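Colleague: Sending over a structure as structure tokens; questions will come in a sec.
The values are calculated or read from the model by the stated rules, or taken from the named source; none is laboratory data. Since we're looking at a predicted model, the values are computed, not measured. We place every Cβ from the backbone using ideal geometry, glycine too, and count neighbours over all the protein chains shown.
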Amino acid sequence: MTLPGPDLRSRALLGPLHQSVLVEPRLETAVIGQVRAREGWMPIPRFIFRGPSSGMEPLRLAIFSLVHGDEPAGALALVQLLVSAVRDPAIVRGLDLYCYPVCNPTGYEDGTRFNRAGVDLNREFWRGSSHPEVQTLETELRTQRFDGLVALHADCDSPGLYAFARGPVISEELLAPALAAAERVLPRNTEPTIDGFSARHGVIRDCYCGVLSPPPEQSPAPFEIILETPGCASLLAQAQAAFQGLRGIIAEMPRLYMGGADI
Ligand SMILES: [Zn+2]
């Protein structure tokens, strides 16, 4: 399938998904926003995979990667997750996955943390940002009102996996199986201080201001997880660890919600 628009790195990254959309009705794609660049308009894509019904209203999970353009492991994990779901939809039973694999198209094209305007998008959310990437994602977050958010990142300064758990208690309950699954691929960072925050078994409760997060007014608040892979590990290992972490969250989420967990 030939996609419209300039010949971008994201075209190669997302090629398998665009092929799958043609044959799998559970998988949909859309361009939710665009960033103007010298190459032309760069799309901010969204993929939705609707898992088989569990007999209840589907839970809506949003997964984001490449907010920082030089952290491609999360996007590889996200592509792998969607390809796996196409092969075996039962792995996402009871869930609708909303996936945003390339949140920072110019940063990914250039291999930089910042967007081409030189801005760290992950400090811009809910602060009246003028950047189209942030405005697009804020609109999406306001419109969709997700039950949970997962953002995938990489940290070159960390020797192991760790995560930020924000929002309701369920964030930490979901992180336990996620980190345990990811730990089969890469070690966990067990240091008491990570990235300047106090941490417990690789879990941080605090966070930077302005990170990609749900609308401040959303109630009840969705769970929020930011999964960080060690950025100096091989890309393949990071992607595999992030993929296993996502599988852990997806497997546990319906059980926790149906079990009436304290959210
Ligand atoms: Zn990052």
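Colleague: Hey, can you tell me all the residues within the stretch 33-82 that are under 20 Å from His18 (Cβ atoms), modelled with pLDDT of 95 or more and charged (D, E, K, R)?
Modeller: Hits for the stretch 33-82 are Arg46, Arg50.
Colleague: Restricting to the stretch 135-184, name every residue that is part of a loop (DSSP other than H, G, I, E, B) and either among the hydroxyl-bearing types (Ser, Thr, Tyr) or within 15 Å of the chain's Cα centre (by Cα) (or both). Please lay out each step first, then the result.
Modeller: Pass one, the stretch 135-184, residues part of a loop (DSSP other than H, G, I, E, B): 145-147, 156-160, 167-169, 183-184.
Answer for the stretch 135-184, where residues must be part of a loop (DSSP other than H, G, I, E, B) and either among the hydroxyl-bearing types (Ser, Thr, Tyr) or within 15 Å of the chain's Cα centre (by Cα) (or both): Phe146, Asp147, Ser158.
Colleague: Separate question: Does at least one position in the stretch 201-222 carry a residue that is charged (D, E, K, R) and over 26 Å from Gly69 (Cα atoms)? Before you say what the answer is, go through the steps one by one.
Modeller: Taking the stretch 201-222 first, the residues charged (D, E, K, R) are 205-206, 217.
The next check asks that each one be over 26 Å from Gly69 (Cα atoms); those that pass are 217.
Yes.
Colleague: Before we move on, is Thr193 of a type in the set (S, T, N, Q) and either touching a Ser or Thr at 6+ places or on another chain (Cβ under 7 Å) or farther than 20 Å from Pro72 by Cβ (or both)? Let's see the steps before the verdict.
Modeller: Working: of a type in the set (S, T, N, Q): yes; either touching a Ser or Thr at 6+ places or on another chain (Cβ under 7 Å) or farther than 20 Å from Pro72 by Cβ (or both): yes.
Judged against the criteria, Thr193 is a match.
Colleague: For Arg145, indicate whether it is more than 16 Å from the ligand (Cβ to nearest atom), on the phi > 0 side of the Ramachandran plot and not polar (S, T, N, Q).
Modeller: Working: more than 16 Å from the ligand (Cβ to nearest atom): yes; on the phi > 0 side of the Ramachandran plot: yes; not polar (S, T, N, Q): yes.
Yes: the conditions hold for Arg145.
Colleague: Mind checking which residues of the stretch 205-263 are within 15 Å of the ligand (Cβ to nearest atom), over 22 Å from Thr136 (Cβ atoms) and part of a loop (DSSP other than H, G, I, E, B)?
Modeller: Scanning the stretch 205-263 gives Gly231, Cys232, Ala233.
Colleague: Give the stretch 2-32 a look and list any residue that's modelled with pLDDT under 95 and exposed (fewer than 12 other Cβ atoms within 10 Å of the Cβ), or say none.
Modeller: Thr2, Pro4, Asp7, Ala12, Leu22, Val23
Colleague: Continuing with this model, one more query. For Glu57, indicate whether it is of a type in the set (Asp, Glu), in a loop (DSSP other than H, G, I, E, B) and in contact with a strand residue (DSSP E or B) (Cβ under 9 Å, 6 or more places away or on another chain).
Modeller: no
Colleague: Right, next: Could you tell me which residue of the stretch 92-134 is surrounded by the fewest Cβ atoms within 10 Å (Cβ to Cβ), considering only residues that are part of a loop (DSSP other than H, G, I, E, B) and polar (S, T, N, Q)? Quick ask: steps written out before the conclusion?
Modeller: Narrowing the stretch 92-134 to residues part of a loop (DSSP other than H, G, I, E, B): 93-94, 101-104, 111-120, 124-131.
Checking the rest, the ones that are also polar (S, T, N, Q) come to 104, 112, 115, 129-130.
Details: Asn104: 32, Thr112: 15, Asn115: 27, Ser129: 17, Ser130: 9.
Among residues in the stretch 92-134 that are part of a loop (DSSP other than H, G, I, E, B) and polar (S, T, N, Q), the one surrounded by the fewest Cβ atoms within 10 Å (Cβ to Cβ) is Ser130.
Colleague: Got a number for residues in the stretch 139-159 being β-branched (Val, Ile, Thr), surrounded by fewer than 16 Cβ atoms within 10 Å (Cβ to Cβ) and within 19 Å of Ser171 (Cβ to Cβ)? Give the derivation first.
Modeller: First pass over the stretch 139-159, keeping only residues β-branched (Val, Ile, Thr): 139, 143, 150.
This time we only want the ones that are surrounded by fewer than 16 Cβ atoms within 10 Å (Cβ to Cβ), so: 139, 143.
Narrowing the set further to residues that are within 19 Å of Ser171 (Cβ to Cβ) leaves none.
Here the count works out to 0.
Colleague: Ile226 fails exactly one of the following numbered conditions: (1) touching an Asp or Glu at 6+ places or on another chain (Cβ under 6 Å); (2) surrounded by 23 or more Cβ atoms within 10 Å (Cβ to Cβ). What is the number of that condition?
Modeller: Unmet for Ile226, out of (1) touching an Asp or Glu at 6+ places or on another chain (Cβ under 6 Å); (2) surrounded by 23 or more Cβ atoms within 10 Å (Cβ to Cβ): (1).
Colleague: I'd like the residue in the stretch 30-77 that is of a type in the set (Lys, Arg) and touching a residue at least 12 places away in the same chain (Cβ under 8 Å) and, out of all such residues, is nearest to Pro230 (Cα to Cα). Spell out how you get there, then give the answer.
Modeller: First pass over the stretch 30-77, keeping only residues of a type in the set (Lys, Arg): 36, 38, 46, 50, 60.
Pick out the ones that are also touching a residue at least 12 places away in the same chain (Cβ under 8 Å) and you get 36, 46, 50, 60.
Details: Arg36: 32, Arg46: 26, Arg50: 31, Arg60: 28 Å.
Here the answer is Arg46.
Colleague: Output the residues belonging to the stretch 63-119 that are touching a strand residue (DSSP E or B) at 6+ places or on another chain (Cβ under 6 Å) and within 12 Å of the ligand (Cβ to nearest atom).
Modeller: Those that are touching a strand residue (DSSP E or B) at 6+ places or on another chain (Cβ under 6 Å) and within 12 Å of the ligand (Cβ to nearest atom): Phe64, Ser65, Glu71, Ala73, Gly74, Cys103.
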